[in-house]
Amino acid sequence: MKNLYVFLIIGFLSINFLHSQEYQSYLKDANIKLQTGVDVPDNVIIKATQDENNFFTVVISTADGDEEVKFSIKPFGYALFETKLKNSFPSLLQKKIITHDYDSGVTANKTALTELYSKIASYFFTINERPQVATVKLKADEIDVYADIPYERTINEKSKKKNYRSKIGKLKGPMIEISFYSGFIEKIEVKGKIDDVDVTFVNKYSIGVSSVSNIEHFKDMRLFSLYRYDIDPNPTQTAIPVTFSSGQNFKVSIEDKSEDVEGWSLASSTNTNKLFVYLNDVIKYERIIDVNANDISPDKQKIALDLDQKSSKLFREESTKILEAVVYSDLLGALEEDNPNGIIQMEIAKRFNINTARGNLAGGGAGMFEYLDGKVLLSKIEKENKYLLPQNDMFDILRMYQLRNFSVGGLLNFVSFENQDLKLNIFFESGLDFSRSGYKLSDEADVSNLNSIEWLNRIKFHFFPEKRYGLIISDMVSYYEILSKEDELLTLLNEKNNWLNTVEFKAYLDVSTSSKLFLRYRIIHELENMDNNFSQFQFGGAFFILEKNRKDK
């Protein structure tokens, strides 16, 4: 029976999690004529998909998929769709997906193209409600660039140095790419030219965008150049020549006229330093006012801004994607007849942003009280090994924990640390969990349930080399307390070891917006006695609980 569970679960995960949102129809159904009276061949299919960054990919192919032509669009507007579709017909003819001339018919058939665009747009844009939270705008065609210029002075015959901010020029023709994730600007890259020299500016750590106070701090956020440049002070001149790695120079005007500069002179030694711009000079983040819209961060996505496209709208996740669940199958519980692990577990989780603000620390970013993770767990869904029986006339706390059939709780983030160079995030979390377990005082006794509370303290290391996969390693110390007044139960309950420890290794594969796979191994043991333990080896996949309510279903 347990082997049957394994096959059913793997089949369920394969079908459910490899689904992707895709528009598909025969191109002939769009009433597009290649020439007067000449239809598109019956076997030509047009498909359209939308990725997490709102890029639309249109693919035209034969039904067997042997030949195809594709193009991408962002944003998905009619003018761009019409142009790219028409431009694809030479390739369609070359690859023999169509076999008739196309010029006159396709060019004149604007009504058919409009109808096709409307069908695709309607499919994607009316599926779900996606509240707009903000609009990001490129703030200026030229951006002020600064450097910290070294000054020195002699105090009590000791030389001291100090850096002062100075404007060194303008970054012209800016091009910006921004990725948003979990309440943060995860990456931002600003490219442009200073005196015909290409310069790129990036963030050192993620920048919070979930609250108005986060946006106010844009004025303090510096984006630094990728490379260091030689700054050669020359006290005999009124400007400082800055030498780029390309060998080109330009003069730097000293604009900091504060009284602090008085008594200090330009340092005579050569210095290398990074240039920087302020985020508030680069973009303007305009939130959208809405009822109870306190979290103004968008769903994970990527946008691009330049002098041609100076603004982009930002949206929350679709309404059907608010609640995500992960179904786990415990391979040890499925393959071992006497193993009491739950063969099937379902976790429903939701993150609530609190204070997504980070500051500079040790070359990375650090924050406090960034989020609250809420979670509901349903376990022991199968019938076998579902209730705890006394062993040696005693109930074991660890076994009671293993046989939980329901739990609800949350973890509050206390401290976060991020280092993008190391591809590493570190989190310290603490919280509470309330759970329920079933037990019998004997084989013949009726089933009873008891409640428990658990105080959790966890440190978590998240390695993420790229968005498609990653590894999470964590260690959690918890205090597990049974809540019961039944004397008969309490006399059998071994409460000598309420402190538990859980070590977890979790790998994930995020292959698309609707397909996530997980593999995790856990070992849970008494804190003072590691020999008393049990382990879980689980395979799982994610799905959105409200997905069946999509308007296109």
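Bear in mind these aren't lab numbers, they're just calculated from the coordinates by the rules spelled out. Because the structure is a prediction, the values reported are computed rather than measured. With ideal geometry, Cβ positions are generated from the backbone for all residues, glycine too; neighbour counts draw on all protein chains shown.
Per-structure values
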item: Lysines whose Cα lies under 19 Å from that of Lys119, excluding same-chain neighbours fewer than 8 positions away; result: Lys28, Lys33, Lys47, Lys70, Lys74, Lys84, Lys86, Lys110, Lys551, Lys553
item: Ile473-Asn31 FRET efficiency (beta carbon distance; Förster radius 41 Å; 0.05 resolution); result: 0.15
item: Rule-of-thumb Rg ratio for segment 22-125 [Cα; 2.2 N^0.38 Å; N residues]; result: 0.99
item: Asp443 paired with Ile288, simple spin-label distance in nm, labels 7 Å along Cα-to-beta-carbon; result: 6.4
item: Label-point separation, Thr135 to Ile523 (7 Å along Cα→Cβ), nm; result: 5.7
item: Efficiency of FRET from Cβ geometry, Lys96 and Ile348, R₀ 60 Å, rounded to 0.05; result: 0.75
item: Pair Asn156, Ser213: separation of 7 Å Cα→Cβ label points (nm); result: 3.9
item: Flagged links, alpha-carbon separation over 21 Å, of Lys162/Lys274; Lys310/Lys467; Lys375/Lys440; Lys386/Lys440; result: Lys310/Lys467; Lys375/Lys440
item: Neighbour cut-off at most 11 other Cβ (10 Å), DSSP loop, GluC sites (Glu not before Pro), segment 413-458; result: Glu444
item: Sorted by Cβ neighbour density within 10 Å, fewest at the top, the residues Arg436, Arg316, Arg358; result: Arg436, Arg316, Arg358
item: For segment 378-482: relative contact order, % (alpha-carbon pairs under 8 angstrom, 6 or more apart); result: 23
item: Around Glu186: net Lys/Arg minus Asp/Glu count, Cβ-Cβ under 10 Å; result: +3
item: Neighbourhood charge, 10 Å Cβ-Cβ cut-off, centred on Ile459 and excluding it, Lys, Arg +1 and Asp, Glu -1; result: 0
item: Linear extension gain, Lys193 paired with Phe434, 0.36 nm per residue minus alpha-carbon span; result: 81.0 nm
